[in-house]
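Okay, so here's the structure we're looking at.
The values are calculated or read from the model by the stated rules, or taken from the named source; none is laboratory data. A quick note: this is a predicted structure, and the numbers were derived from the prediction, not measured. Here the Cβ positions follow ideal geometry from the backbone for every residue, glycine too, while neighbour counts run over all protein chains shown. Just so you know, the surface numbers come from the protein's heavy atoms only, side chains and all, with ligands and any DNA or RNA stripped out. Shrake-Rupley method; radii C 1.70, N 1.55, O 1.52, S 1.80 Å.
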Amino acid sequence: MILIITKKIWDKSNFYDLNKKKYIVKNKIQKNFIKNLKPKIIFFIHWSKIIDKEIFEKYLCIQFHTSDLPFGRGGSPVQNLIALGFKKTKITAFKINSSIDGGPYCLKRNIVLSGKAEDLFKKIEQTSIKMIKVISKQKIIKFKKQKGKIVNFKRRNAKESHLNFKKLKSINKIYDCIRMLDATGYKS
């Protein structure tokens, strides 16, 4: 059995074709449920909380992060990338360990950072589900150490989300500031 834990489902249709006998989707970590299920793999999509060591040491836990790790470790990767002017990035599937977003990766896929945040999160979710299907079919999942310069992102706060026309200076920067926060749960 494969468990998918996601903080929020952005588009239910992304999950429709999952074999319900093989995949179970939850929106929170339930230790007793996990213990009884004994999943082969636990996947985390759109997850922003620290995962207990007792979970990732006992089970294979793979998380999806929207940056080309090790660049962009940490919080608010989509918003930070858009604020930095990135037009595209990767979704990295990596093995969870005690280092935040620092585990070895097993798969990366390209993603374009266009459109408003909600549409982008739906696209990230859809790509992550496709990646789950690829990874879960592998008999042996091969992980590779992250290579390159580590660049950490900080979770953006509400103050950073205010429109500052003097600082933004161009209509494209203003648009990016609005669209990266145009999703349920994000403060503008």
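So here's what we get for this one:
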item: Cleavage-rule hits (chymotrypsin sites (Phe, Trp or Tyr not before Pro)) in region 1-40: DSSP loop, at most 16 neighbouring Cβ within 10 angstrom; result: Tyr16
item: Mean Cα-pair separation over length for region 1-101, i.e. relative contact order, pairs under 8 Å, 6 or more apart, %; result: 27 percent
item: Centre separation in Å (Cα based) which lies between region 4-40 and region 66-102; result: 23 Å
item: Probe 1.4 Å, protein heavy atoms only - accessible area per residue of the chain in square angstrom; result: 59 Å²
item: Ratio of the Cα radius of gyration of region 1-139 to 2.2 N^0.38 Å, where N counts its residues; result: 1.00
item: For the chain, calculated [θ]222 nm from helices alone, where every DSSP H run of n ≥ 4 adds -39500 (n - 2.57); result: -8000 deg cm²/dmol
item: Neighbour cut-off at most 15 other Cβ (10 Å), DSSP loop, trypsin sites (Lys or Arg not before Pro), region 41-145; result: Lys49, Lys87, Lys116, Lys139, Lys142, Lys145
item: Three-way shape call for region 64-158 based on the alpha-carbon gyration tensor, with the a/c threshold at 1.5; result: oblate
item: Which of Leu60, Leu81, Leu163 is most accessible, then next, and so on - probe 1.4 Å; result: Leu163, Leu60, Leu81
item: Residue order for Met1, Met180 - accessible surface, 1.4 angstrom probe, largest first; result: Met1, Met180
item: Accessible surface of region 68-139 [probe 1.4 Å, protein heavy atoms]: carbon and sulfur percent; result: 52 percent
item: Computed E for Lys35/Ser98 - FRET, C-beta separation, R0 22 angstrom, nearest 0.05; result: 0.60
